[in-house]
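The values are calculated or read from the model by the stated rules, or taken from the named source; none is laboratory data. Given the structure is predicted, the values throughout are model-derived calculations rather than measurements. We place every Cβ from the backbone using ideal geometry, glycine too, and count neighbours over all the protein chains shown.
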Amino acid sequence: MNIKQSILLRVRVAFLFVLLFALAVVARIAHVQVIEGEKWAAMGEQISFDYKKVKATRGNIYSDNGSLLATSLPFYKVAFDATLPKEDVFRKGVDSLARLLASFYKDKTWLDYKRTLLDARESGRQYIILNRKQIDYQDKKMMLTWPIFREGRLKGGVIFEKMDVRYRPFSNLSRRTIGFVNENEKGAGLEYSFNQQLGGKDGYAYYQKIAGGIWKPVFDANNVKAVNGLDIQTTLDINLQDVAETALHKAMAQHRADDGLVVVMEVQTGEVKAISNLSSDGNGNFYEKFNFATGGLFEPGSTFKLVTMIALLEDSNVDLADSIDTGKGETIFYKKYRVRDHEEGGLGKITVREAFEHSSNVAMAKLVDKNFGVRPQRYLDHVERLKLNKPLGLQITGEPTPKFNYPGQKGWSGISLPWMAYGYGIEITPLHTLSLYNAVANSGKMIKPVFVKSVNQADRVKERFRTEVMVSKICSERTLNKLKLLLEGVVESGTAKNIKGTHYRIAGKTGTAQILENGQYTKKYITSFVGYFPAHNPKYSAMVLIKNPRGWQQYGSNVAAPVFKEIADNIYARDLNIHLAMEKKTYREPGLFPVIRAGNQEELTMLCNELGISNHSKSEESWVRAVKNGDAVNWKANTVGNGIVPDVMGMTFRDALYLLEQAGLMVWYEGTGRVQSQSLAPGGRVSKGERVYIKLG
C-alpha cells in the first residue's frame, strides 16, 4: 500500500469515528429530549422555580379599652453578597462602610469589619451575615445611604432579610400573661394559648431564581394567599395593671422576697383586670419568668379556712357564737402531730367567729376533727362541689391539677384532715382561691376567671367569650351572710386590722403557710391576702401572694395585706362608681329643737307638744323629717318604702334599726347616739341579703 492509500484509509477511519460520535450525540440528545424530557424539565424547574411559604401577619393583642399590648413589626437582618459590587465601587467605599458598620453596631472595630468585607470579596462569598442584630425600617433607610450599599441589591450586594418581630408597647407589663411563641411553635401565655387564631394561615407563592440568587414572585394560578391572623381583646386594664405591678414590685423589694403575684378580678364578670408575676434574679431586680397565678401550685394556708367554715356551717351544728378552747395555742393529734397558732401564748377560749378572724389553726383543726373525723369524705365533698380539686379550664394553657389526698390513698393519715382544715397538705392554684372568695362577693355564684373577651377581625367580632358559671351557689344564703360577716371581721378586728380605716370596707382573709422543702417544713413562708372591696357592694376581688419574704415581717397580715390595700386604695380613687354618696352637711342655727331631726311623726309631734314647740304636718306619712320654719317645725315625708333604702339620717338607733331591717337590710353599726351617716344612699333598691353600715354619734 502506497503512502497515498494509507493516508486515505486513515482519513476514512477518522471520519467514520467522527460520524459515529456525532450519531451517538444526536441519539443521546434525542433520548434526553424525548424519553427523559419530562424528568429533566422537572429538575430544571426545581432548580430555578420553587413554591415558597408566605408568612401570614400575626394578629394583635389589645387591652380592654383597645390599647395595643402586642403587635408584629418588620425588622431586618443585614447580609452581604461580596461578588456583586464593581471593583472600583468596592475599593472606594470599603473603608467608609466598615467605619459606619462599626459605629452603628459597636461590637467590633472598623478594621475587623473591613477584614470581613475583604475576605468575603476575595473568596467570592455570595452570602455573609454582617451582624445578627435586628434593625428596624428607619435603620434600613439610613443604611441604604451608605457607600456600596447605596448601589442597591444588584449592584451593591446588600441584603435586608425581613422578619416579623413581636413588639410590646408597654414593655414588660404583664409579660408572662401575654406570653410568646418561639420558632418551634412552643410558648406560653395568651400568645401560645391563642396561637391558632393569632397566627393566621401561611400562604404559598411561585418564585423564580434570578441573577444574584434573588427569588422573585411569579404569578401562578396555584398561588395560595396568606390569611392574616385575628386579633384578640383581653380583659386587662393597663392602668390597673400598672398599679398592681408597681405595688407588688415595691413590696418584694422591701421584703427581699423570692416570688410574688397579684391578680385583680371583676366580681360579677370574672374578668381579670390585672395580673402580675414577679421573681427575683438574685441581684435585687425582679422579672416575670413564670405565671404563678395560673400555673403554680401552692399550699393555701389560712385562706383555705373559708372552705372549712363552709363545710362546718353547711354540714354540722357549729354556730359562729359557739365557744372553742384553743388553750395556749397548741394541740397534739395522735400523740405526735402538733398544730400551733401563730399568736404567742394562744387565744384561750374564743368563739368560732373569733377563731376565724384571728386565724386559729388549733380551732379549725379541732372543729374539723370533731365534726368530720369519722367521715372525712363529707368534708372533701365540699372541696369537690366547689371545684377546687380540678383545673379551672382557663383560657391560658398550662394549668396544673390541684393536689389533694383522699381516704384510702397513699399519703392519707389521721392528721391529713386536721391539716387540711387550715390549708396544709394540699396544693391549689392562686386562681382557685381567688375564684372562691370572688364567689362570696358575687352572692354565692362562682365563675371562671376570664382573660380574653373576644377574637376579632378588624372591627368585626368573630368569637365572644361569655362569663361561665362553675357553681351556681357555693352555699346557702344563711351561710353566705355569715361568711361575709367573718371576712369583714378579719379586717375590722382580726389579723388584717392593720389595713382597716379606709373610706370603704375591705373583706378578706390573710394566709401564711410554711414552705415544704425535702419533706420538711422550713422557717420560710408563703404569705397571702385574698378578698374583695368595697365590702358593702363588691366590684373587685384580688389576691396577693408573696413567697419567702425576708426580715422580721413574715406573715400575710404585714407582707401581703398592705399590697392589697395599696391596690384597692388606688382603684377606689380612680373609680367614682364605687364611691358611696357623700353625706350632705347641714348647718343648724342655735334654736329650740337641736335634736328633732327625723323619726316617727306621732312620737315627734307628742314630744314637740310637750315642749311647747309649734309643729305642723304637711304629710300623713308615719315617718317624717323635721324642717325648721322660724320658731316652728314642719313635718316632711321621709324616704321609706318596702324594698327601698330608707333615709335614717338623724334618727335614733332604735328607729333606724327598725326601718332598715324592715327594708330587708342587714345592719352593721358603730358608735352611740343618732345616725350620722349611712353606707347606702336613700331611695335605692335593696338587694337580698345586702348590708348597710350606719355610724352613730
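Looking at Lys108, is it among the basic types (Lys, Arg) and in contact with a helix residue (DSSP H, G or I) (Cβ under 9 Å, 6 or more places away or on another chain)? Please lay out each step first, then the result.
Working: among the basic types (Lys, Arg): yes; in contact with a helix residue (DSSP H, G or I) (Cβ under 9 Å, 6 or more places away or on another chain): yes.
Judged against the criteria, Lys108 is a match.
The residues of segment 73-93 that are surrounded by fewer than 19 Cβ atoms within 10 Å (Cβ to Cβ), touching a residue at least 12 places away in the same chain (Cβ under 8 Å) and assigned to a helix (DSSP H, G or I), listed by number, are Val89, Lys92. Against the list (1) over 30 Å from Gln377 (Cβ atoms); (2) in the same structural domain as Ser435 (by TED's automatic domain parsing), the condition Val227 fails is (2).
Checking Gly664, Gly671, Gly643, Gly684 one by one, the residue that is more than 21 Å from Leu607 (Cα to Cα) and out of contact with any Lys or Arg (no Cβ under 9 Å at 6 or more places or on another chain) is Gly684 and no other.
Might you check whether a residue that is over 30 Å from Glu191 (Cα atoms), acidic (Asp, Glu) and outside any loop (DSSP other than H, G, I, E, B) occurs anywhere in segment 415-430? The answer is no; no qualifying residue exists. Figure legend. Inter-residue proximity from segment 103-117: first residues over 16 Å from Phe90 (Cα atoms), second residues at pLDDT 90 or above and hydrophobic (A, V, I, L, M, F, W, C), beta-carbon distance below 7 Å, spacing 6+ or different chains. Indicated pairs: Lys108/Ala102; Thr109/Ala102.
Applying the criterion of being modelled with pLDDT of 80 or more and touching a Leu at 6+ places or on another chain (Cβ under 8 Å) to the residues of segment 656-671, the residue that is surrounded by the most Cβ atoms within 10 Å (Cβ to Cβ) is Leu665. Among the residues in segment 310-320, are any loosely packed, with under 14 Cβ neighbours inside 10 Å, more than 19 Å from Ser557 (Cα to Cα) and assigned by TED's automatic domain parsing to the domain that holds Pro430? Yes, segment 310-320 has at least one match. Scanning segment 542-552 finds one or more residues that are surrounded by fewer than 19 Cβ atoms within 10 Å (Cβ to Cβ), more than 22 Å from Asn577 (Cβ to Cβ) and of a type in the set (Phe, Trp, Tyr). Among residues of segment 137-191 being modelled with pLDDT of 85 or more, more than 25 Å from Val455 (Cβ to Cβ) and among the basic types (Lys, Arg), the one that is surrounded by the most Cβ atoms within 10 Å (Cβ to Cβ) is Lys140.
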